[in-house]
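The values are calculated or read from the model by the stated rules, or taken from the named source; none is laboratory data. The structure presented is a predicted model; accordingly, all values stated were derived computationally and were not measured. When we count neighbours, we look across all protein chains shown, and the Cβ atoms used for this are built from the backbone with ideal geometry, even at glycine. Heavy atoms of the whole protein, side chains included, go into the accessibility calculation; ligands, DNA and RNA do not. Shrake-Rupley method; radii C 1.70, N 1.55, O 1.52, S 1.80 Å.
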Amino acid sequence: MATIKDIAKKAGVSIATVSRVLNYDTTLSVSDETKKRIFEAAEELNYKKKSGVRKSEFGKIALIQWYTEKEELEDLYYMSIRLGVENRCRHHGIQLVKYFYDSLEELKEEEIQGLIAIGKYSRKQAEELFALSRNLVFVDFSPDEDQYDSVVTDLDRAAVKVLHYFLEKGHKQIGYIGGREEFKDQTSMIEDPRERAFKRYLTEKGLWNNAFMYVGTFSVDQGYSLMKKAIQDHGDNLPTAFLAGNDPLAIGALRALLEEQIPVPERVNIIGINDISVSKYVFPSLSTVKVHTELMGETAVDTLLERIEGRKIVKKINIATELMIRNSSF
C-alpha cells in the first residue's frame with residue numbers, strides 16, 4: 001500500500017496537507033486543483049500498472065462522464081473508473097478524448113471509433129449517445145441490457161454481503177446511511193440497489209426498522225449530517241452497526257461519531273461500499289466492500305475494442321466485489 005509520504009511526493013504537497021485532504025478535514029483551505037492532484041496520486045499509486053504499451057490499430061475513442069470535475073472530487077468512485085479507462089487506453093496506445101455529458105455538441109466534431117459512457121444515463125440520453133456511435137459501452141449502469149454493452153457491479157449483492165457479516169457478528173439493530181440520485185436530464189430518480197437490498201434483506205430477517213434509515217446525497221457532508229441526525233434521534237438506542245451506501249458517506253458518518261465521542265467500532269460499526277483509495281487512510285481505517293473500479297474501466301475499453309472489431313452480440317459484464325474488514329468494524 002502506498003504511504004501518505006508517497007502520495008505527498010507524487011502530488012508535490014506536504015504530508016500534513018495530504019493527511020488532512022484524505023481525511024476530508026473541513027477546516028483545511030485548499031484549492032480543488034490541489035485536492036484533485038492528491039486524490040489522483042492516491043488512486044494511481046494504488047493502481048496496478050500493466051506493463052508495456054502496445055502499438056494500436058485503433059483510432060480515437062471518447063470518454064463521456066456524467067459527473068462534473070467538482071462532483072468527481074466529492075465521490076472518487078468515478079475518478080477511479082476514469083483512471084482505469086485512461087490507463088488501459090495508454091496500454092493499448094489508443095488516443096482518448098474526454099468530454100462531460102453537457103458538451104456533446106463539441107463531441108460531434110470529433111472523428112471517433114467508439115464511446116465509453118461512465119455514470120448513470122436515462123434511456124433518452126443513451127439513445128443520444130448511440131446516435132453518436134454504434135460502438136458504445138456504459139460503465140456503472142445498464143440503460144438497456146438488450147441493446148447496449150455495459151460493465152457493472154452488483155451493488156445489491158454488495159449490500160447483502162455487509163448485512164450478512166453484521167448478522168454473523170451478532171448485530172440486531174442495523175442502520176443505513178444512503179444517498180439517492182437523479183438522471184441529469186431530470187426525467188426520473190434512479191432506484192438505488194443498495195437501499196432496496198437493505199430494506200428487503202432486513203425485512204426477511206425480521207429486523208427492518210424504518211427509523212434507522214437515513215438518506216440524502218452521496219457525499220462526505222451528507223454522511224456527517226445524517227449520522228448527526230441519527231445520534232440526535234436515537235441517543236443511547238443508536239444502532240450498533242451502519243451500512244453506508246458509499247465510502248464518502250461512511251467517512252462523514254465516522255467524523256460525526258468521533259465528534260460525539262462515540263467509540264468506533266466498540267459502540268458502532270461502520271462499513272461502506274466502494275473501497276476508494278482514501279478509505280485506507282481515514283481514522284479509523286474504513287471497512288468497506290471493494291468495488292474493482294479500475295478493472296471496470298479497463299474492461300470497458302476491452303469490451304469497446306471487441307465491438308469495434310465486429311462483435312454483434314450485446315454483453316453485460318458484472319465485476320465481482322469483496323468485503324474488506326479494517327478498523328471501523330470487528
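Got the relative contact order for the chain handy, in percent, Cα pairs under 8 Å and 6 or more residues apart?
Numbers: 612 pairs, mean separation 63.9, N = 330.
Over the chain, the number comes to 19 percent.
Can you give the extra length, in nm with one decimal, that the chain gains between LEU167 and LYS315 once fully stretched, where that is 0.36 nm per residue apart less the Cα-Cα distance?
Working it through step by step, the gained length comes to 49.8 nm.
What translational D, rounded to a whole number of µm²/s, comes out for the stretch 190-275 from Stokes-Einstein when the hydrodynamic radius is the Kirkwood one over Cα pairs, at 4 °C and 1.567 mPa s? Walk me through the numbers before you get to the answer.
Details: Rh = 13.1 Å.
It diffuses with D of about 99 µm²/s by this estimate.
In Å², what does the accessible area per residue of the stretch 179-330 work out to with a 1.4 Å probe?
Value for the stretch 179-330: 42 Å² per residue.
Just for the chain, what percent of DSSP beta bridges are antiparallel, to the closest 5? Walk me through the numbers before you get to the answer.
Details: 6 of 43 bridges.
In the chain, DSSP labels about 15 percent of beta bridges as antiparallel.
I'd like to know which of TYR224, GLY272, LEU73 lies farthest towards the positive end of the charge dipole of the chain, counting +1 on Cβ of Lys and Arg and -1 on Cβ of Asp and Glu.
After comparing all options, I get GLY272.
For the stretch 214-259, place one equal point scatterer on every Cα, skip the solvent, and apply the Debye formula. What is log10 of I(q)/I(0) at q = 0.13, 0.16, 0.19, 0.33 Å⁻¹?
One equal scatterer on each Cα of the stretch 214-259 leads to -0.22, -0.34, -0.48, -1.29.
Extending each Cα 7 Å along its Cβ direction at GLN232 and GLU111, get the distance between those two points in nm, one decimal.
Label at GLN232, label at GLU111, 6.0 nm between them.
Using only Cα atoms, what Kirkwood radius does the stretch 106-240 have, in angstroms? Let's see the in-between values first.
Numbers: mean 1/r = 0.0575 Å⁻¹.
Taking every pair of different Cα atoms in the stretch 106-240, averaging 1/r and inverting gives 17.4 Å.
Could you tell me how many degrees, from 0 to 90 and to the nearest 10, lie between the Cα long axis of helix 193-204 and the main elongation axis, the longest principal axis, of the Cα atoms of the chain?
Approximately 40 degrees, to the nearest ten.
Can you spot the aspartates and glutamates whose alpha carbon is less than 15 Å from LYS199's alpha carbon? Ignore those fewer than 8 places along the same chain.
ASP156, GLU191
How would you order 261-271, 94-104, 78-88 from highest to lowest mean count of nearby Cβ atoms within 10 Å? List each step's numbers first, then the result.
Working: 261-271: 17.5, 94-104: 15.7, 78-88: 23.3.
Taking the mean over residues of other Cβ atoms within 10 Å, the ranking is 78-88, 261-271, 94-104.
For the stretch 291-330, count the residues as N, evaluate 2.2 N^0.38 Å, and divide the Cα radius of gyration by that value, please. Don't skip to the answer; put the middle values down first.
Numbers: Rg = 15.3 Å, N = 40, 2.2 N^0.38 = 8.9 Å.
Compared with the compact-globule rule of thumb, the stretch 291-330 sits at 1.71.
Mean-square fluctuation check for the chain, GNM, Cα pairs under 10 Å: which of LYS228, LYS60, LYS312 is largest?
Largest GNM mean-square fluctuation: LYS312.
Run lengths n ≥ 4 of DSSP H only: what is the helix-derived mean residue ellipticity at 222 nm for the chain, with -39500 (n - 2.57) per run over all residues, to the nearest 500? Working shown, then result.
Working: 12 runs with 137 residues, N = 330.
My calculation for the chain gives -12500 deg cm²/dmol from helical runs alone.
What residue among GLU294, GLU260, GLU71 has the largest mean-square fluctuation in a Gaussian network model of the chain, using Cα springs under 10 Å?
Greatest mean-square fluctuation among the candidates belongs to GLU260.
For the chain, what does the convex hull of the Cα positions come to per residue, in cubic angstrom?
Values: hull volume 46.0 nm³, N = 330.
For the chain, the hull spanned by Cα atoms encloses 139 Å³ per residue.
Got a number for carbon plus sulfur as a percent of the chain's accessible area, 1.4 Å probe? Each step should come with its number before you reach the end.
Working: 6990 of 14800 Å².
Reported share for carbon and sulfur atoms: 47 percent.
Taking the Cα centroid of the stretch 85-133 and of the stretch 267-287, what is the distance between the two, rounded to the nearest whole Å?
The two parts, judged by their Cα centres, are 32 Å apart.
Using a ≥ b ≥ c from the Cα gyration tensor of the stretch 143-198 (square roots of the eigenvalues), is it rounded, prolate or oblate, where a/c under 1.5 gives rounded and otherwise the larger of a/b and b/c decides, a/b for prolate?
On the way: a/c = 4.50, a/b = 1.83, b/c = 2.46.
It is oblate, given that a/c is not under 1.5 and a/b is not larger than b/c.
In Å², and per residue, what accessible area does the stretch 109-172 have when probed at 1.4 Å with the other protein chains present? Can you show the working numbers first?
Details: 2770 Å² over 64 residues.
On a per-residue basis, 43 Å².
Report D for the stretch 65-117 in µm² per second (integer): Stokes-Einstein, Kirkwood Rh on Cα pairs, 4 °C, 1.567 mPa s.
Working: Rh = 12.1 Å.
Stokes-Einstein gives a translational diffusion coefficient of 107 µm²/s.
Going by the alpha-carbon gyration tensor, a ≥ b ≥ c the square roots of its eigenvalues, is the stretch 23-143 rounded (a/c under 1.5) or, if a/c is not under 1.5, prolate (a/b greater than b/c) versus oblate? Don't jump to the answer; show the numbers that get you there.
Values: a/c = 2.17, a/b = 1.31, b/c = 1.65.
The shape class here is oblate.
Which residue, LYS315, LYS70, LYS199, has the most motion in a Gaussian network model of the chain that connects Cα atoms within less than 10 Å?
Sorting by GNM fluctuation, first place goes to LYS70.
Work out the FRET efficiency for PHE330 and ASP154 from their Cβ-Cβ distance, taking R0 = 25 Å, and round it to the nearest 0.05.
Values: r = 26 Å, r/R0 = 1.03.
The calculated FRET efficiency here is 0.45.
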